[in-house]
1. Out of all the residues in the stretch 28-37, which are touching a residue at least 24 places away in the same chain (Cβ under 8 Å) and either over 18 Å from residue 103 (Cβ atoms) or crowded, with 20+ Cβ neighbours inside 10 Å (or both)?
2. Check 81, 21, 25, 96 and return the single one that is under 26 Å from the mean Cα position of the chain (by Cα), under 13 Å from residue 127 (Cα atoms) and in contact (Cβ under 8 Å) with a residue 60 or more places away in the chain.
3. Does any residue of the stretch 480-490 turn out to be closer than 28 Å to residue 339 by Cα, surrounded by fewer than 24 Cβ atoms within 10 Å (Cβ to Cβ) and not assigned by TED's automatic domain parsing to the domain that holds residue 309?
4. Of all residues in the stretch 81-100, how many are in a helix (DSSP H, G or I) and within 17 Å of residue 22 (Cα to Cα)?
5. Can you report the number of residues in the stretch 491-526 which are surrounded by 23 or more Cβ atoms within 10 Å (Cβ to Cβ) and part of a helix (DSSP H, G or I)?
6. Taking the stated definitions as given, is residue 246 surrounded by fewer than 20 Cβ atoms within 10 Å (Cβ to Cβ), modelled with pLDDT of 95 or more and touching a strand residue (DSSP E or B) at 6+ places or on another chain (Cβ under 8 Å)?
7. Out of curiosity, is residue 472 within 31 Å of the chain's Cα centre (by Cα) and under 22 Å from residue 329 (Cα atoms)?
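The values are calculated or read from the model by the stated rules, or taken from the named source; none is laboratory data. What you see is a predicted model, and the numbers here were worked out from it, not measured in a lab. All Cβ positions, glycine included, derive from the backbone under ideal geometry; neighbour counts span all protein chains shown.
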């Protein structure tokens with residue numbers, strides 16, 4: 001294939017190690033090695049930054065420094081306000097990669113692209129970011145700008161954005177397949193695709209890492225699911241389940257979409273909605289950001305702070321954000337935000353996504369926005385996985401305005417939810433099931449109080465105050481070492497360093513029955529003694 005050209009943007013003083021790590025991850029995402037790289041492009045004022053120099057030296061390629069005005073003239077698919085304000089360029093990485101590829105062609109020196117001329121460039125990987133650096137990869141494609149429809153035959157693109165002459169918009173994003181999503185390599189320091197089940201997989205450990213309620217599904221629900229297997233010859237029909245969900249939330253059916261778990265809903269939102277400035281409020285469940293990134297979006301973050309108790313300040317969310325994602329109660333902090341604070345995030349032209357996967361573990365579901373029709377742009381996600389133990393069945397749902405539901409439904413494959421999952425959804429909407437869930441929520445509250453009281457006995461442990469979910473977040477200096485010691489003692493805890501806004505000193509612990517909690521507290525005492 002033609003030679004690849006890197007575009008790298010850095011803030012002044014960015015460590016060389018951070019830039020090298022980011023470039024390496026982006027090359028792996030593109031399926032390339034350092035030998036495939038022909039040059040490195042950047043803002044001329046940053047060409048001597050240690051990180052830029054280190055990458056160029058490691059790859060053995062020249063650095064091409066471009067003036068800010070030249071970079072600003074290049075249309076980029078993922079503009080960002082911060083580099084625009086700092087350098088006058090909406091994406092240094094993408095613009096520099098495209099200019100370097102266009103100027104260098106297949107490795108030969110050459111002029112910049114002229115309108116309609118043969119020198120065009122294509123982004124193989126759009127902008128990826130770390131904390132203080134950005135990186136993109138482009139390649140030279142010998143075709144005229146009016147022949148861009150043939151690009152798929154010229155380059156084996158994983159993420160395709162065509163850049164023709166200055167002033168032309170980016171075109172032809174390569175579709176993302178399920179396989180590409182599953183294997184996507186993130187360049188962020190946090191592993192957004194790490195989940196609690198990885199802590200217990202293939203090992204016989206007491207599970208405090210996964211938030212699914214124990215001893216579930218209940219026998220009556222198992223029977224309903226088993227009985228549904230006699231109807232597997234027929235295609236799934238979701239009308240009854242959809243109507244049951246609508247009735248449970250006092251909504252019309254056209255405001256409900258059934259999904260293969262709440263995680264599927266994040267993928268649908270990322271692919272179906274024409275957003276330009278998505279923002280995710282962290283620390284929280286990482287799949288929303290991962291799905292947005294996989295769909296080619298640059299994702300902004302609002303990081304809630306420990307000193308504020310990880311509580312939401314609506315003013316912290318940028319006004320120009322046209323999609324905002326927040327969890328309530330939030331995983332992993334267990335903070336329950338006031339409904340009024342979340343509703344205050346709503347704006348005309350903004351989609352407000354509230355992940356309420358754990359709301360049915362809160363007695364009375366207080367602070368829920370499910371069923372509200374007075375909040376513009378509101379999208380509420382629910383999961384039946386946690387309370388009912390259906391992680392392997394995959395069932396959840398979306399509540400939103402009819403137009404949003406229709407857009408998401410068009411993005412779904414045919415028959416996305418299986419017959420057993422539909423039967424389970426309908427069964428879990430019954431009055432008896434809702435009463436059982438409410439009882440379980442009260443029981444979780446009692447057991448959480450016992451867990452927190454036990455944790456308060458340890459001087460080394462600090463918990464996030466006001467936990468309301470079926471889990472608690474705690475801070476221990478060197479928690480990563482403590483977690484490994486707990487594993488040797490038979491307990492799996494959820495690491496915290498994969499959540500943006502947290503680091504290796506955090507652990508999430510699921511609320512369990514009293515006997516299990518007491519055994520865990522004894523193990524924690526041993527782990528702290530050894531690690532201390």
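1. Of everything in the stretch 28-37, those that are touching a residue at least 24 places away in the same chain (Cβ under 8 Å) and either over 18 Å from residue 103 (Cβ atoms) or crowded, with 20+ Cβ neighbours inside 10 Å (or both) turn out to be 28, 29, 30, 31, 32, 34, 37.
2. 25
3. no
4. 5
5. 2
6. For residue 246, the condition - surrounded by fewer than 20 Cβ atoms within 10 Å (Cβ to Cβ), modelled with pLDDT of 95 or more and touching a strand residue (DSSP E or B) at 6+ places or on another chain (Cβ under 8 Å) - is met.
7. yes
Per-residue answers, yes or no, for (1) assigned by TED's automatic domain parsing to the domain that holds residue 127; (2) surrounded by 20 or more Cβ atoms within 10 Å (Cβ to Cβ); (3) over 22 Å from residue 102 (Cβ atoms); (4) without any contact (Cβ under 8 Å) to a residue 12 or more places away in the chain:
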residue	(1), (2), (3), (4)
12	yes, no, yes, no
16	yes, no, yes, no
39	yes, yes, no, no
48	yes, no, yes, yes
51	yes, yes, yes, no
55	yes, yes, no, no
60	yes, no, no, no
